[in-house]
Structures are given as structure tokens and as C-alpha cells.
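Readers should treat all values here as calculations from the given coordinates under stated rules, not as data from a laboratory. In this text the structure is predicted, and so the values were computed from the model without any measurement. With ideal geometry, Cβ positions are generated from the backbone for all residues, glycine too; neighbour counts draw on all protein chains shown.
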Amino acid sequence: MRRLFALAALAATAVLLAPAPALEAQTEEPFEFALFSPLQVRGPESAIQVLRISLLYGENVSVKGLDLGLVARTTGGESKGLQYALVGYVEGDFVGWQNSGLAAVVQGNMVGLQTALYTQSATGEVFQFGLVNTADDVSGFQLGIVNFAENLYGLQIGLVNIIESKTNFSFLPIVNWSF
């Protein structure tokens, strides 16, 4: 309990001593430390360039570098690097590895690797490895128990494989493909 109180006091001190956010919509900062948004060193409007640590919930415009936390969310722009969180949610584009315990979601263009119990990508070139993998319009590879894609140029391996855009054999067990 003392450690939790000390950590909360440290986070509050960091927020109070942090410089006021700039008036522009997005500033570039080298690091972010968040207890939960908006209780974080930099504001949600900041773009982080090197490291973000989110103890409970961190929110920034983008993160380029290492992104660690329980719930890590970016709200726009392009994020690059490694996102390692229990839940990773990217509203913009992402390039790199999104490694999450529960869910890895990219609403924009994804280029890279997603690993989680549940993965979701809108567009891009992606390798998805999870229990349930979903995609809208991607090129790549899905490996899991359930794989679903609206439009896939690539391969699915799992118990349930669905490529909605295929006219013949849109559902196949074990392996499905569209080239």
C-alpha cells in the first residue's frame, strides 16, 4: 500500500512540475509517463518520440519508439515501434510490432506484426497471431483459432478461416487463402 501511495505521489508531482502544454494541437516530446489520462506528464495532444510508460491508461496522439503499459491508446497520426500492453489501441496508422495480452487493435493502416488474444487491423500488410484475428482489407498472414477477413491477399491457418470477399469457399477449416 505504501508503494502504491508513493507511486501516486510521484505521478502527481511529475504532473504538477511538468511544463504547461503548448497551444498548438500537437507537440513532440521525448517521453511520457501516465498514471491514467489526463493524469500524465505530457498531455494527450502530445506526440511521443522515444518512450511512453502508461501505468493504467495512457493516451497520446502518436508514439514513435517503445510504448509500455496496461492500456495504451494513440488517437491519430502515425505510430512506429513496439507497443507492449495488456490492451493496445491505435486509432491512426501503426508500423512495427503491437504485442498485447488481451487485444491489439489498429483502426488505420497496419504494417508489421500483431500478437494478442484478439487482433484487429483495418488495412495494411500484417502478420496476425492470436486466438481470434480480424481484418478489413489486408495483405498478409493470419494464424489463430478463428481468422476472419473481409478482403485478404494472403493465407489463413486455424480451425475457422473466413475470407468474406471470396466467391468460392469463403469458409475453410485448417487453411484458407486468396491470391
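Values as computed for the structure displayed
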{"read-out": "The chain: calculated mean residue ellipticity at 222 nm from DSSP helix runs of at least 4, using -39500 (n - 2.57)", "value": "-3000 deg cm²/dmol"}
{"read-out": "In nm, spacing of pseudo-spin labels at Phe31 and Phe179 (7 Å Cα→C-beta vector)", "value": "4.8 nm"}
{"read-out": "Approximate spin-label separation Glu150-Thr75, in nm, with each point projected 7 Å along Cα-to-Cβ", "value": "2.5 nm"}
{"read-out": "Principal semi-axes in Å for the chain [√(5λ), Cα gyration tensor, largest first]", "value": "36, 17, 10"}
{"read-out": "Between 0 and 90°, nearest 10: helix 2-17 axis offset from the chain longest Cα axis", "value": "80 degrees"}
{"read-out": "Electrostatic dipole magnitude of the chain [Cβ: Lys, Arg +1; Asp, Glu -1; Cα centre; debye, to 20]", "value": "660 debye"}
